[in-house]
Amino acid sequence: MLGIIFLTWGATFIIPMGSYTRITDPDSGRTTVVNGSYKEIQGEFLDVLDLILAVPEGLISRADLIVLIFLLGGCFFIVEKTGAIGEGLQWIVDRLKGQDWIALVLVSLIFATGGATIGMQEEFIALTPLLIAFSRSMGYNVFVAIGMSFGAAVVGSAFSPMNPFAVVLAQQEAELPLLSGLGFRLAFLLIALGAYIFFLWRYARANKVEKQPRSEKVESISPLYVLILFLVSLTFGIVTYGLLLLDWGFNEISACFFVVGILTGLLARLGINGTCMMYVEGMKEMTYAVVILGLASSIPLLLEEGQILDTVIHAAFRPMEGLPPALSALGMMGSQALLHFPLMSYSAQALMTMPVLIPLSDLVGVSRQVCVLAYQYG
């Protein structure tokens, strides 16, 4: 990311400066570029200070999203450390003994829900040893354990109609109503998740291993764990309701998970100091993601300040000018898929690409909603 930032700064000295005329719709507030209005302009080049300032300015510009990542990470670190999630999963497996395929489907759906609602993925990695033990007790290998947890969460996140770090962020960048296109995305999520679980079930059935029963069985979940899991589930429901009907943003989501994290620590008798210290430990786990996000945010800032963003858009538009919109959309999706290999952060990818792709989609006749889908499904 640092290399891309440096190359972007260097490109401002090579690529001609230019701009499109933009108009703002007074009703929707949406700003669009005017086709055929591109022209080269003269301006001042960026200096070394502009390069250095790009990183803190990128972090500041995404403060609300960074706060959400930190508070979400702290919350689920505490929940995971209480052992409530592990005991709840073990209880499910014990209840479904002899019906291993149902357990596989149910656990996959639980993790996919976490991915679809708030983009949870890395938070589940800490559960991997526990999930491997579950998987072996059902006669499944370690790949199935990863597939029904992290894999299902990735599918849920990628095809989610409401993942705040993907579709919500991209729609915000595209000036679209948040969660618009919900019905289509939800239908596609069910199709994609159904196909994924079917593939996972076939793989699990074809690669059976000897069952290794767990020594401890969970006859009943402790009331404390039931209460913690209920609080987490309730928070998911409140956040979903807020996003759908109350026009909530990142700050409201952050507040909800901050409260549930503190309550979980107090219920687990960690004390206020112990809870806060553990919350900080969870926030530390998210520092890497926050740094990547801030670095990604600085790239479009450099393009804008160097006045070459519109030149990049114009250069990308010219080869696509004569193509049907459907082919242009597929091209966008293909480029997003390739970019996701080196840049695995959904939010960083949205922040890097949407400033270029949204004006480009306006020029080639692709709707902004389709542009967001191309990013999301790529």
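The values are calculated or read from the model by the stated rules, or taken from the named source; none is laboratory data. Because the structure is a prediction, the values reported are computed rather than measured. Neighbour counts are summed over all protein chains in view; Cβ atoms, including those assigned to glycine, are modelled from backbone coordinates with ideal geometry. Heads up: the accessible areas ignore ligands, DNA and RNA and are worked out on the full protein's heavy atoms, side chains in. Shrake-Rupley method; radii C 1.70, N 1.55, O 1.52, S 1.80 Å.
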- PRE zone check, label point 7 Å out along Cα-to-Cβ of LEU323, amide N under 12 Å, scope region 337-365, hits 361, 364-365
- Taking only Cα atoms and a 10 Å spring cutoff, compute GNM fluctuations for the chain and point out the largest among LEU104, LEU339, LEU263. LEU339
- Zone of TYR203's modelled label, taken as backbone nitrogen in region 151-177 under 13 Å from a point 7 Å along Cα→Cβ: 151-155
- If each part is reduced to its alpha-carbon centroid, region 250-271 and region 314-378 end up apart, in Å, by 37
- If you build a Gaussian network model of the chain, linking Cα atoms that sit under 10 Å apart, which residue out of VAL290, VAL239, VAL34 swings the most? VAL34
- Have a look at LEU53, LEU244, LEU72 and tell me which one the Gaussian network model of the chain (Cα, springs below 10 Å) gives the largest fluctuation. LEU53
- What's the angle, to the nearest 10 degrees (0 to 90), between helix 346-364's Cα axis and the longest principal axis of the chain? 40
- Query: In Å², what does the accessible area per residue of the chain work out to with a 1.4 Å probe?
  - Reply: 47
- In whole percent, what relative contact order does the chain give with Cα contacts below 8 Å and a gap of six or more residues? 28
- chymotrypsin sites (Phe, Trp or Tyr not before Pro) within region 35-94: DSSP coil, no more than 11 neighbouring Cβ in 10 Å: PHE45
- Expressed in nm to one decimal, what extension gain is obtained for the pair LEU234 and LEU186 from 0.36 nm per residue of sequence separation less their Cα-Cα distance? 15.2 nm
- At 7 Å along the Cα-to-beta-carbon direction for both HIS340 and ARG269, put a label point, then send me their distance in nm to one decimal. 4.5
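Return a single number: how many Lys pairs in the chain, at a sequence separation of 8 or more or on separate chains, have alpha-carbon atoms below 27 angstrom apart.
On the way: LYS81/LYS97; LYS81/LYS217; LYS81/LYS284; LYS97/LYS208; LYS97/LYS211; LYS97/LYS217; LYS208/LYS217.
Total qualifying Lys-Lys pairs in the chain comes to 7.
Give, in whole angstrom and from largest to smallest, the semi-axes √(5λ) of the equivalent ellipsoid of the chain, with λ running over the eigenvalues of the Cα gyration tensor. Mind dumping the intermediate values first?
On the way: eigenvalues 351, 113, 67 Å².
After scaling each eigenvalue by five and taking roots: 42, 24, 18 Å.
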- Taking only Cα atoms, what is the 0 to 90° angle, nearest 10, from helix 271-285's long axis to the longest principal axis of the chain? 50
- So, with +1 on the Cβ of K and R and -1 on the Cβ of D and E, and no other charges, what is the size of the charge dipole of the chain about its Cα centre, to the nearest 20 debye? 1540
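Compare the peptides 16-29, 171-184, 105-118 by average per-residue count of other Cβ atoms within 10 angstrom and give them in order, highest first. Intermediate results must be reported in sequence, preceding the final value.
Values: 16-29: 12.7, 171-184: 16.6, 105-118: 21.9.
The peptides rank, most packed first, as 105-118, 171-184, 16-29.
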